[in-house]
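The values are calculated or read from the model by the stated rules, or taken from the named source; none is laboratory data. Treat the numbers as computed from the prediction; the structure is a model and nothing was measured. Positions of Cβ are generated from backbone atoms using ideal geometry, with glycine treated the same way; all protein chains shown enter the neighbour counts.
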Amino acid sequence: MTTSQQDRAAAFAALHTGGGVLALPNAWDVASAAVSVAAGAKAVATTSAGVAWGLGAPDGDKLDRALALELIARVVSAVDVPVTADIESGFGATAEGVAETVRGVLAAGAVGVNIEDSHPGGLRAIPEQAERLAAARAAAEEAGVALYLNARLDTYLRQVGADEGERFTETVERATAYLAAGASGIFVPGLTDLDALGRLVREIPAPVNAMVHPGAPSVAELAAVGVARASLGSAIPQAAYALVQRATRELLERGTYESVAESLGWGELNGLLTR
């Protein structure tokens, strides 16, 4: 157990450089974070989509910043491992707005953030996004915390470019600019092809993060090509809400309850939240 935010930041950064893959099951509330840690997670990463849904907002820069920061603080206080927060595109229209969000994230006790280059209108221009990342880094330096700034590139998620070659080139160009602006790592959701991931790892002088899903390469396969971090994104809350849907339909349409046969015991779950 680490005792300071600086210690947790250093421990979290080290998890990206040990030669294996940092596997992160994303949480969206205090209970899901506690369950993840009890199951062996070395760190907690929030999912912006799951957090937004749980707080009654759609994903995509629609969640109120104050609500997001309050949730982050609750998660940090509930677990004894480093917490990194997905803050969408920064919850701010300007670079200073992103800096203000990062100051709030650090005040909440987290030691990492994801900041994406998507916004409702598409991908931000590289200089604009670099400015936003630089503002995030400056805010962390002012706070004296070595924030792990995971720069998310949505080139593959949004299928930027006429073909894979253009997409790869754009991804490397963006990654280079984002690292120069102060990013710690590069996150490329939408890409699970092992050959392309391996080429990115060789081109990008920083830890590369992949988003995984059913049918994606295994953690061992990702490790073999040098991927440093793998996260499930919103997959777990989506699966949880699918269970809500199945159980509700079964109850209302058939009058039975087998959908919830495999569940955590009341005492086990309750115990995880007793501190």
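A Cβ distance below 6 Å, combined with a sequence gap of six or more or placement on separate chains, defines the contacts here; from region 144-161, residues that are without any contact (Cβ under 8 Å) to a residue 40 or more places away in the chain and buried (at least 22 other Cβ atoms within 10 Å of the Cβ) reach residues that are among the hydroxyl-bearing types (Ser, Thr, Tyr) and assigned to a strand (DSSP E or B) in the pairs ASP154/SER118.
Listed here are the helices (runs of 4 or more DSSP H) enclosed by region 29-119 that have at least 3 residues being touching a Phe, Trp or Tyr at 6+ places or on another chain (Cβ under 8 Å): 48-54, 95-107.
Checking region 5-24 against the condition returns a match, with at least one residue being within 27 Å of HIS119 (Cβ to Cβ) and part of a loop (DSSP other than H, G, I, E, B). Applying the condition of being under 13 Å from the mean Cα position of the chain (by Cα) and aliphatic (A, V, I, L, M) to region 80-100 and asking which residue is farthest from ASN150 (Cα to Cα) yields VAL83. In region 241-271, the residue that is nearest to the chain's Cα centre (by Cα) out of those that are closer than 19 Å to THR47 by Cβ and in contact (Cβ under 8 Å) with a residue 12 or more places away in the chain is TYR241. Figure legend. Inter-residue proximity from region 212-228: first residues closer than 13 Å to LEU191 by Cα and surrounded by fewer than 18 Cβ atoms within 10 Å (Cβ to Cβ), second residues at pLDDT 95 or above and of a type in the set (Gly, Ala, Ser), beta-carbon distance below 7 Å, spacing 6+ or different chains. Indicated pairs: HIS213/ALA235. Against the test of being assigned to a helix (DSSP H, G or I) and under 21 Å from the mean Cα position of the chain (by Cα), the options LEU191, LEU200, LEU157 yield a single qualifying residue, LEU200. Would you confirm whether or not region 246-257 contains a residue that is among the hydrophobic types (A, V, I, L, M, F, W, C) and part of a loop (DSSP other than H, G, I, E, B)? Taking every residue of region 246-257 in turn, none turns out to be among the hydrophobic types (A, V, I, L, M, F, W, C) and part of a loop (DSSP other than H, G, I, E, B).
All conditions in (1) under 19 Å from GLY18 (Cα atoms); (2) touching a strand residue (DSSP E or B) at 6+ places or on another chain (Cβ under 6 Å); (3) not in a loop (DSSP other than H, G, I, E, B) hold for GLU221, with the sole exception of (2).
Among the criteria (1) more than 17 Å from PRO25 (Cβ to Cβ); (2) surrounded by 14 or more Cβ atoms within 10 Å (Cβ to Cβ), the one ILE236 does not fulfil is (1). Filtering region 47-67 to residues that are within 19 Å of GLU100 (Cα to Cα) and modelled with pLDDT of 95 or more leaves SER48, LEU63, ASP64, ARG65, ALA66, LEU67.
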